[in-house]
1. Could you work out how far apart the two model spin labels at residue 46 and residue 66 are, taking each label as a point 7 Å from the Cα in the direction of the beta carbon, and quote it in nm?
2. Would you mind computing, in nm to one decimal, how far apart the modelled labels at residue 57 and residue 25 are, each placed 7 Å from Cα along Cα→Cβ?
3. Sorting check: for 27-37, 47-57, which peptide has the highest mean count of neighbouring beta carbons within 10 Å, and how do the rest follow?
4. Could you line up 77, 61 from fewest to most neighbouring Cβ atoms inside 10 Å?
5. Determine one quarter of the surface area of the Cα convex hull of the chain, which equals its mean projected area, and express it in nm² to one decimal.
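Just so you know, all these numbers are worked out from the coordinates, no wet-lab data involved. Remember, it's a predicted structure, so these values are computed and weren't measured experimentally. Note: ideal-geometry Cβ built from the backbone for every residue, glycine included; neighbour counts use all protein chains shown.
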């Protein structure tokens, strides 16, 4: 699943267009590397997102095949 879609489906960011812009602006890193919106997320990836002065660090624990209303835990918050 693309990182912009993953950020939206996991409810870290409300809209996919906003997620796409955040990734495009260089505020998202996966395993320490800056990524593009088309990056394919894998289980075990560590995603770091910079929101102004704040940094959020999460680990991907589940990637759904199809996005639905009731989703199991997809992420684990590290920081």
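1. Roughly 3.5 nm, to one decimal.
2. 2.3 nm
3. On the way: 27-37: 14.5, 47-57: 12.8.
Descending packing order for the listed peptides: 27-37, 47-57.
4. Numbers: 77 9, 61 13.
Exposure proxy ranking, most exposed first: 77, 61.
5. Details: hull surface 19.1 nm².
Answer in nm², one decimal: 4.8.
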